[in-house]
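Report on one structure; see the data block that follows.
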Amino acid sequence: MDYEKLGLKVGLEVHQELATKHKMFCACPPELFRDDPEYTFIRRLRPSQSELGEVDPAALFEFMRGRTMIYEANRATSCLVEMDEEPPGELNPEALDTCLTLALMTGSQPVDEVHVMRKIVVDGSNTTGFQRTCITSLGGSVEVGGKTYRLQHIGLEEDAARKIADEGEVSRYRIDRLGIPLMEVATAPDIHSPTEAEEVALAIGWIMRATGRVRRGLGTIRQDVNISIVGGALTEIKGVQELNLVSKVVEYEVQRQVKLIELVSELKRRGVRESDLEEAFIDVSDLFSDTQSRIIKGALRRGGRVLAVRLPGFAGVIGAELYPNRRLGTEMADCARYGGGVRGLFHTDELPAHDISEGEVRALKENVGASDQDAVVIVADDAQKSRRALEAVIERAAEALKGVPAETRSANPDGTTYFTRPRPGAARMYPETDVVSVVITQERLRRLEASLPEMPEARLERFKADYGLNEKLARQAIDSDYVRLFEEMVRADEADPTLLAVTLTETLKSLERDGVQTANLGDDSIRGVFRLIRAGNTAKESIPPLLIWLSSHPGGTADDALQELGLAMLSKEELGMLVEAKVSENREMVERMGVKALGPLMGMIMAEVRGRVRAEDVQALLREALASRARG
Amino acid sequence: MGEDSLHDYRGGLRKALIDVGADIGDHMRVESRGRVYEGTLMPRLESEDDRHIVLKLRNGYNIGVYFDEGTRIERLGQAEKPEFRPPPLPETQEGLPRVSIISTGGTIASRVDYTTGGVHAAISSRDLLSIVPELSDHAIVDADILYSVFSENIESDHWSGMARKAEEKIQEGAQGVVITHGTDTMGYSSAALSFALRSLPVPVIFVGSQRSSDRPSSDAATNLVGVVTAAATAPFAEVVLGMHETTSDTSIVFHRGTKVRKCHTSARYAFQSVNSSPLARLVDGEIEMIAEDYRRRGEGALEVMDGFEEKVALLKFHPGLRPELIDVLVDDGYRGVILEGTGLGHVSEGLNESIRRAIEEDVILYMTSQCIWGRVDMDVYTTGRELQMIGVEPLGDMLPETAFVKLKWALGNSEDIDGARELMRRNIAGEYTDRTLYTGEFG
Ligand SMILES: [Zn+2]
């Protein structure tokens, strides 16, 4: 694809959870819980009026869906603030400092006074029905690959509750994550290709981590990607969880928009007009009285109806692939699901299939008076729901005549997306009057300026120059949770920089993959292990077994581990005896090979006592023993 | 926006805004410390300083822009005036019971008001009806604004006003009355009307909200729908208070007006029945009676006794309380004092002399307990017995707040002290219960 010709514009919103001591508006720790909830509660949300008196369309839309929320909670991770039973406290100064630090690092201009807003979100992910959010600085830029990308703003908002399940019209959320501070960086739409999008996302993520206040792990960083092409529309794609998925998401969305624009010309060529789309829903339940389709049978048995609508001139269009495995029909099904709360729909571009017979399709087309040019969409569910679903289908068909609908979509793990809701209007924000505004003083900025973290690129150069690390290792070390420990230990000459960097990155990562609880390793454990190596009490080969032992024995020391595992260095005498014994055992080989027996003997001894000897010592002793034997 | 929408912009900043003819909602350009901002002028809160201009940026966010002598303010144009446009009212369904909603203010009928940054009464109950159209599924609703008062500013004159308005509505044929009220003193008002409305033929239900109606999670609509349903169909004819039973939106509970207390500063379930069970609850649109003994709908003809004596005090005893406090009340002509004593109903012996003098001067004193749960018993310890000998009467398991309201009412509707004393002893509206039941560790 020629992205330049398509006029691709991408803007990113990178959200990073902060590892502050407390959540954004209360004293709860920013942590999640794994066990069963201690209690649950049930709520509904209704759209509210903004100060302009308008009801937000997105809000109304969610309300029409009639959602009920079950919230799960425990006392360790949430309080009445997250339950929306107590007003929020002051804006967490530590989180604000982190945002201001990031602003100073990227040349973003801190605002003079921070005002917290309420952004209406009525999908239930916020118990209040809004997300508290604020802008902390405006403008700024990041440099990536010699290009400058402008920032629109840096902001701070509260993270939402975690969705656990959708059970029909009931959504289940866990409120532990609600209120964790999220630092947000929004770029201008200065990005013009999928690869660039990913590089910029990675660079922003790196600068955020350099503040030293970020949470780690899956889901702690999330991107929203705003994508548009000329003739298309601005699509907001929410919740891209992996930085390296960004390029795929952009690529697919461009494909999707290009194809949707093509479909407009196709429909125009066929002479389809919006006025041809009628909300004439025909009850075709009788046609399916003997159907083999389990979905339709089930719906009819539950007292539902099969409703059909004719889409004139849409034959072949609904089934046209937009991008891998997604069709206009998929998008209509998304709309039907959200508009009517139905499970899905069938359309004639995909039929006969799903146990719906050719005869049934023929009868269906006849019944609604569909020609070969027309498509028919059917929904089998409760009559009211089916009706609402088909209304949504007609609406989506009308959009297809115009092009790309402006909407909010969510990312799947493979980079494809699905419809979430229409793009919210401008009325979705109003002031959070429960939180006092914060004046950003010059003193505060001066204090932060004085202790500004190094920019990641500068730090990378320094790590390479000062510690002799190669590019890859230096990057890994900087990105590691242990970067501070690394610098402290290397500066105090407690460890060889390369060995320490490898241990703190690759070794720990590989242990983690093997299921070792490396999170249990405190600074003391790591310092202890390296002290043993520095003192010659064990060899570097012992590092993994020592760390494994320490991970499963919180409170144990490196010396304990050494004792327990028997990894202490052999004394000179012990090693001498071992060498003598091996040489005697293999007298025949020694006589045959002479000094050349050193290699095989070395291998045998090392296999037995790796980690407890220094290879140089073994080699020296062996050489001596073989030499004396040759002499003797 | 009103005449002086800028009123919380103060000092030089206010003058600078007036100089360029700026009004809230106008499109502005502000140059401050070398940077240029454009946005919509937003109101400022009175609690904020006079050094920042609040602008709503194009992305919808508000920020404060620093102002000093060097700041240049320019008015680019007049923006659309914010205007509240309520959706159309739903159609009434003939044949449903008639319910009157009387609004007195409070967060059940409010929107964000930028003058204080808090929540103010700003819309009528009628607006609520248009926002909560499902009300019309349960009743033919009419709505009146009686007051627009913060609940902490409600006084006994307002109680009389509410009683008279309820009477008027019942006389006009209302089959239930709903009074919307700020939650802070709603318990006092519900007690007051419990005493004032005698021989009540229909339910009178107080309702409020703990989360303002400007937010999607507000309990206002759920509470309102619940109490209107109950006002239309419940079998009881008492003054009750209906609010969330728990933190969930699933049930509305009805507390007897004399036994209810706001026990939490902020939670939806703040109201609790003390020393008694609630009267009823509403789940899935159905009334479920909890109490067996209650006044039935349709019995009797309404009589209103809405006098309330002004000179009554509620005095909470605490260690070190000086007797002069009682002397001051007596000297000021107070006619009754409810003591909120410790434990079973005690105050320091150091107060005895002042109490004796008060009683000699025809001030009546009653004892309640600051424990909230349980009943007073002044026969167990010497202190209690002495106080009784001086003339302080115990009020059983009556809530101190209810006792305060009742004493105002008793004095306000009696010829003399003896008449008031007689009313105080009688169980008028369920304020006394005979048995204290175990209801769990609290509540
Ligand atoms: Zn909390």
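A few notes on this one:
- Pair list, Cβ < 6 Å and 6+ apart or interchain, from the range A:72-84 residues that are of a type in the set (D, E, K, R) to residues that are within 10 Å of the ligand (Cβ to nearest atom) and part of a loop (DSSP other than H, G, I, E, B): A:Glu82/A:Ile175; A:Glu82/A:Leu178; A:Glu82/A:Gly179
- Matching residues, the range B:265-321, being more than 14 Å from chain A (Cβ to nearest Cβ) and polar (S, T, N, Q): B:Gln272, B:Ser273, B:Asn275, B:Ser276, B:Ser277
- Helices (runs of 4 or more DSSP H) enclosed by the range B:306-422 - at least 1 residues per element that are over 30 Å from B:Gly257 (Cβ atoms), at pLDDT 95 or above and not basic (Lys, Arg): B:324-331, B:352-360, B:382-390
- The residues on offer are A:Glu85, A:Glu90, A:Glu72, A:Glu94, and the sole one that is under 16 Å from B:Ser218 (Cα atoms) and either within 16 Å of the ligand (Cβ to nearest atom) or among the hydroxyl-bearing types (Ser, Thr, Tyr) (or both) is A:Glu85.
- Any chance B:Thr233 is within 14 Å of chain A (Cβ to nearest Cβ) and of a type in the set (Val, Ile, Thr): no
- Residue in the range B:180-199 that is over 21 Å from B:Met243 (Cβ atoms) and surrounded by fewer than 24 Cβ atoms within 10 Å (Cβ to Cβ) present: yes
- For the range A:68-126, the set of residues classified as within 9 Å of chain B (Cβ to nearest Cβ), within 17 Å of A:Ser437 (Cβ to Cβ) and assigned to a strand (DSSP E or B) consists of A:Glu113, A:Val114, A:Met117, A:Arg118, A:Lys119, listed by residue number.
- Subset tally (residues that are at pLDDT 90 or above, among the charged types (D, E, K, R) and not in a helix (DSSP H, G or I)) for the range A:332-349: 1
- Candidate set from the range A:97-109 (those that are in contact with a Gly (Cβ under 8 Å, 6 or more places away or on another chain) and either of a type outside the set (A, V, I, L, M, F, W, C) or free of Cβ contacts under 8 Å to residues at least 40 places away in the same chain (or both)); member that is farthest from the ligand (Cβ to nearest atom): A:Gly107
- Residue match in the range A:4-25 (condition: more than 16 Å from the ligand (Cβ to nearest atom), surrounded by fewer than 17 Cβ atoms within 10 Å (Cβ to Cβ) and free of Cβ contacts under 8 Å to residues at least 40 places away in the same chain): yes
- Output for the range A:367-390, where each listed residue is in a helix (DSSP H, G or I) and more than 15 Å from A:Arg305 (Cα to Cα): A:Asn367, A:Val368
- Among residues of the range B:267-279 that are over 15 Å from B:Tyr432 (Cβ atoms), those with a beta-carbon under 7 Å from a residue that is acidic (Asp, Glu) at least six positions away or on a different chain give the pairs B:Ala267/A:Glu85; B:Arg268/A:Glu85; B:Arg268/B:Asp219; B:Tyr269/B:Glu245; B:Leu279/B:Glu238.
- Every residue from the range B:292-308 that is farther than 18 Å from B:Phe195 by Cβ, exposed (fewer than 11 other Cβ atoms within 10 Å of the Cβ) and not acidic (Asp, Glu): B:Gly298
- Residues satisfying the stated conditions in the range A:588-632, i.e. of a type in the set (Gly, Ala, Ser) and in contact with a Gly (Cβ under 7 Å, 6 or more places away or on another chain): A:Ala630
- Selection of strands (runs of 3 or more DSSP E) fully inside the range B:39-83 by the criterion of at least 2 residues being modelled with pLDDT of 95 or more and exposed (fewer than 14 other Cβ atoms within 10 Å of the Cβ) returns B:72-77.
- Failed item in (1) acidic (Asp, Glu); (2) surrounded by 17 or more Cβ atoms within 10 Å (Cβ to Cβ); (3) without any contact (Cβ under 8 Å) to a residue 12 or more places away in the chain, with A:Glu366 passing the rest: (2)
- Search result, residues across the range A:150-194 that are within 16 Å of the ligand (Cβ to nearest atom), of a type in the set (Val, Ile, Thr) and within 14 Å of chain B (Cβ to nearest Cβ): A:Ile175
- Condition check for B:Glu94: at pLDDT below 90, at the interface with chain A (Cβ under 10 Å from one of its Cβ atoms), under 35 Å from the mean Cα position of the chain (by Cα) and in a loop (DSSP other than H, G, I, E, B): no
- Among the residues listed as A:Ala73, A:Ala103, A:Ala95, the single one being crowded, with 23+ Cβ neighbours inside 10 Å, farther than 30 Å from B:Tyr37 by Cβ and small (Gly, Ala, Ser): A:Ala73
- Hits in the range B:347-395 - residues which are touching a residue at least 12 places away in the same chain (Cβ under 8 Å) and of a type in the set (Ser, Thr, Tyr): B:Ser348, B:Ser354, B:Tyr366, B:Thr368, B:Ser369, B:Tyr381, B:Thr383
The values are calculated or read from the model by the stated rules, or taken from the named source; none is laboratory data. Quick caveat: nothing in here was measured; it's all calculated off a predicted structure. Here the Cβ is made from the backbone with ideal geometry for all residues, glycine too, and neighbour counts use every protein chain on show.
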